[in-house]
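Structure below; questions to follow.
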Amino acid sequence: MIKTHKNIKSIEAISNWILNSGIQSKEGGFHAWFDLDKKEFSFLYSEITGYGITALLFLNKLFGKAIFIENAKKAADWIINCAMHSTGGIKAKLYKDNLTGDPAYSFKEENIYSFDTGMVLYGIVNLYKITKENKYIDASMKIADFLIHRVQDKEGWFLPIYNGKTGSTEESFDKWSNQHGSFHAKITLGLVCLYKITKNEVYRQSVEKICRNALLMQAKSGRFITNSKDNTTHLHPHCYSIEGLLYTGVSLNIPEFIEASQKAVKWMFEQVHKNGLNEIYSPSTKDFNDLQRADILAQAMRLGLILNYKEKIEGLKNTLLSYQYLGAESGQCGGFFYTKGSRHTNSWCTMFSLQALAIDNNDSLASESRSIDLLI
């Protein structure tokens, strides 16, 4: 159970927000955000529902309340019944109106993103570990089969997009998430869990291939190149790369992956300034853009705590906490804004922040072997 000292009010506010704000729909899926001005929720987002399952399990670890398991099951059941394609892939976003929703992500158009699918796998397989309900291990193996046999190529890269209508894969270099890259190493979280449950070597082989490929995208400085077109580093997928390599390295005892993670965290913390961290590093200018995001701040803080890179944590935390909405408007108290000036309380920013603050709050969560269990 969680100890009561620093950060506890913020953590309790987050817990209340996840349970009571409506960010988790009655059907079980999680909305991406709530718009405080329009007083409405966004689309339902499968990737974030995967994070939501893991966040609820993490909250159960902290507080030990049955409601967290009940809501995690609702989220997983929504995925299985509404978002899972017949191939085992997970459709991306369910819009209220498919005519106005972005067709690149809509359930209707059946574009399935490898990364999103991997985040759902991790949530559901962890739910199985707690409930031992067969439907969750069955779903986990079906998702893993999709990932390994439909979107992982012979070299071990995960192709970013699979179209459920045509059976074809797609890739573009207009944004980091539409190309293969080191960030796909985070897909290993669910596959590692499945390997430990089933002892099926196919899962381990898949994991090692993508992690070794991720190392090819790491510059000498430690940063991961997240866009092959311009060699830039976007810190959000940079952190995903670290999270996957660290989790796999610790879980499977592969020092090379742990060392790469440490090197990447060291580079990132060298970029921390008095107001936090910005979003994208360009090697051409040797500088960052002007945008700051709560999800990146939380990811960086969490990784710094896990790897005992603590000298700049307090400054990061203070900046991160400035993104938490503590007003009573629309029952959204406790949620975190995506960026400064935003009026959206954002689901994944809040979930990442929960874990960063909880690890900072409770030193026993900060060892490598414990804090990466249920890594959101």
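Could you check how many residues of region 167-198 are in a helix (DSSP H, G or I) and within 19 Å of TYR281 (Cα to Cα)? Steps first, please.
Quick first cut of region 167-198, residues in a helix (DSSP H, G or I) only: 176-178, 182-198.
Pick out the ones that are also within 19 Å of TYR281 (Cα to Cα) and you get 176-178, 182-183.
The number of residues fulfilling the criteria is 5.
So PHE41 clears everything in (1) over 18 Å from SER342 (Cα atoms); (2) aromatic (Phe, Trp, Tyr); (3) out of contact with any helix residue (DSSP H, G or I) (no Cβ under 8 Å at 6 or more places or on another chain) except one condition, right? Which one?
Here PHE41 clears every test but (1).
Where residues in region 118-141 are of a type in the set (D, E, K, R) and part of a helix (DSSP H, G or I), which of them is farthest from ASP77 (Cα to Cα)? It would help to see each step written out before you state the result.
First pass over region 118-141, keeping only residues of a type in the set (D, E, K, R): 129, 132-133, 135, 138.
If we keep only those that are part of a helix (DSSP H, G or I) as well, we get 129, 135, 138.
Working: LYS129: 16, LYS135: 9, ASP138: 12 Å.
My answer is LYS129.
Here are some residues: SER228, SER261, SER241, SER251. Which one is over 16 Å from ILE306 (Cβ atoms) and among the small types (Gly, Ala, Ser)?
Every option except SER228 fails the conditions.
Restricting to region 23-56, name every residue that is surrounded by 23 or more Cβ atoms within 10 Å (Cβ to Cβ) and among the aliphatic types (A, V, I, L, M).
Within region 23-56, ILE23, LEU44, ILE48, ILE53, ALA55, LEU56 qualify.
Hey, another quick one. Is region 75-98 home to any residue that is part of a helix (DSSP H, G or I), touching a residue at least 60 places away in the same chain (Cβ under 8 Å) and either out of contact with any strand residue (DSSP E or B) (no Cβ under 9 Å at 6 or more places or on another chain) or crowded, with 16+ Cβ neighbours inside 10 Å (or both)?
Going through region 75-98, the residues part of a helix (DSSP H, G or I) turn out to be 75-83.
Imposing the further condition that a residue be touching a residue at least 60 places away in the same chain (Cβ under 8 Å) reduces the set to 76, 79.
The next check asks that each one be either out of contact with any strand residue (DSSP E or B) (no Cβ under 9 Å at 6 or more places or on another chain) or crowded, with 16+ Cβ neighbours inside 10 Å (or both); those that pass are 76, 79.
Scanning region 75-98 turns up at least one residue that is part of a helix (DSSP H, G or I), touching a residue at least 60 places away in the same chain (Cβ under 8 Å) and either out of contact with any strand residue (DSSP E or B) (no Cβ under 9 Å at 6 or more places or on another chain) or crowded, with 16+ Cβ neighbours inside 10 Å (or both).
Which of the residues belonging to region 243-273 are of a type outside the set (S, T, N, Q) and closer than 16 Å to LYS220 by Cβ?
GLU256, GLU259, ALA260, LYS263, ALA264, VAL265, LYS266, TRP267, MET268, GLU270
When the residues of region 268-318 are narrowed to those that are of a type in the set (Gly, Ala, Ser) and not in a helix (DSSP H, G or I), which ends up nearest to GLY335 (Cα to Cα)?
Filtering region 268-318 for residues that are of a type in the set (Gly, Ala, Ser) and not in a helix (DSSP H, G or I), the one nearest to GLY335 (Cα to Cα) comes out as GLY276.
Any residue that is crowded, with 23+ Cβ neighbours inside 10 Å and either more than 27 Å from ASP37 (Cα to Cα) or at pLDDT below 95 (or both) - is there at least one of those in region 285-297?
No, that holds for no residue.
Does ASP102 fit the bill of being under 21 Å from PHE183 (Cβ atoms) and assigned to a loop (DSSP other than H, G, I, E, B)?
Considered against the rule, which asks whether it is under 21 Å from PHE183 (Cβ atoms) and assigned to a loop (DSSP other than H, G, I, E, B), ASP102 comes out as yes.
Just the residues that are closer than 10 Å to VAL120 by Cβ and of a type in the set (A, V, I, L, M), please, taken from region 63-94.
Within region 63-94, ALA75, ALA76, ILE79, ILE80, ALA83, MET84, ILE90 qualify.
The values are calculated or read from the model by the stated rules, or taken from the named source; none is laboratory data. Keep in mind it's a predicted model, so treat the numbers as computed, not measured. All Cβ positions, glycine included, derive from the backbone under ideal geometry; neighbour counts span all protein chains shown.
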